[in-house]
1. For the chain, what is the accessible area per residue in Å², given a 1.4 Å probe and the full set of protein chains?
2. For the chain, with the dipole built from +1 on Lys and Arg beta-carbon atoms and -1 on Asp and Glu ones, taken about the Cα centre, which of Y111, L71, L145 lies farthest toward the positive end?
3. Most fluctuating residue of A93, A132, A103 in a GNM of the chain with Cα springs under 10 Å: which is it?
4. Label segment 46-141 by shape, choosing from rounded, prolate and oblate, from the square roots a ≥ b ≥ c of the eigenvalues of the Cα gyration tensor; if a/c is under 1.5 it is rounded, and otherwise prolate applies when a/b is larger than b/c, oblate when it is not.
5. Largest first, how would F125, F82 line up by accessible area (1.4 Å probe)?
6. Please give the direction-averaged projected area of the C-alpha convex hull for segment 76-194, in square nanometres with one decimal.
7. Among F172, Q191, Y159, which residue has its Cα furthest toward the positive end of the charge dipole of the chain, with +1 on Lys/Arg Cβ and -1 on Asp/Glu Cβ?
8. Cα centroid distance between segment 1-27 and segment 39-85, in Å?
Amino acid sequence: VLAEKGQLAEAENLYRLASRKRPGNTQCYTRLIDLYGKADWFEKKQNELDALLETVIQLDPATNFLTRTDLGVIYQQQGELFWPKAEKLHREAIEQYPRGIMALLNLGYYYLDNQKQADKAEPIFEQVLEQAPEAREGYLALARLYETREEWDVAIAQYERVQQIIPSWERFIQTSISRCLREMNASEAAQKALLRAGVVLDLVRADRNL
């Protein structure tokens, strides 16, 4: 709660207190990693992240791959200077638990966000679907990839697959489909998609934008 309120120093003190009371509890250290990954504190605390990860690895040899890829996302968000560390951590997590999909997804998004390597994202997202064909995350990832490529019709197909899996996501899915349809200059179909999503349209603004 303190971290969400921006009281980072107070949150850090409590996490440190928890680690002294229960030094074998990995959450004390994973939450510190999350805290130090915040934009306001990363520059100040980045040198402590590797030691915290090493502590988690020692305490949790079986499932520390989750912490590896979470830390990879933190580095990924800090800019190009830290991208090699991000990629390394994602790959270590995949090697440790090849059957999982979160590290795969994170690595795929790493490539997708890196314009010089965006083409590497597609086979990774396809691997996610091979391992978990009923997981919405793989289809959402491919939809984003195809939008980046401006392959709007293929992106729509992926969004429709997500809606089949999770019908309750209709508002989000139809809004995303409408965005693709607008790019295809299909104004009427885009407006219908928004109406299906339950979005109240300002018709004057819609006529101008669609």
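The values are calculated or read from the model by the stated rules, or taken from the named source; none is laboratory data. Every value quoted in this text rests on a predicted model; they were computed, and no experiment measured them. Positions of Cβ are backbone-derived with ideal geometry, glycine not excepted, and every protein chain shown enters the neighbour counts. Ligands, DNA and RNA are excluded from the accessible area calculation, which covers all protein heavy atoms including side chains. Shrake-Rupley method; radii C 1.70, N 1.55, O 1.52, S 1.80 Å.
1. Working: 12190 Å² over 210 residues.
Heavy-atom SASA per residue in the chain reads 58 Å².
2. L71
3. Per the Cα network of the chain with a 10 Å cutoff, A132 tops the list.
4. Working: a/c = 2.64, a/b = 1.28, b/c = 2.07.
It comes out oblate by the Cα gyration axes.
5. F82, F125
6. 7.8
7. My answer, from the dipole projection, is F172.
8. Measuring centre to centre over Cα atoms gives 17 Å.
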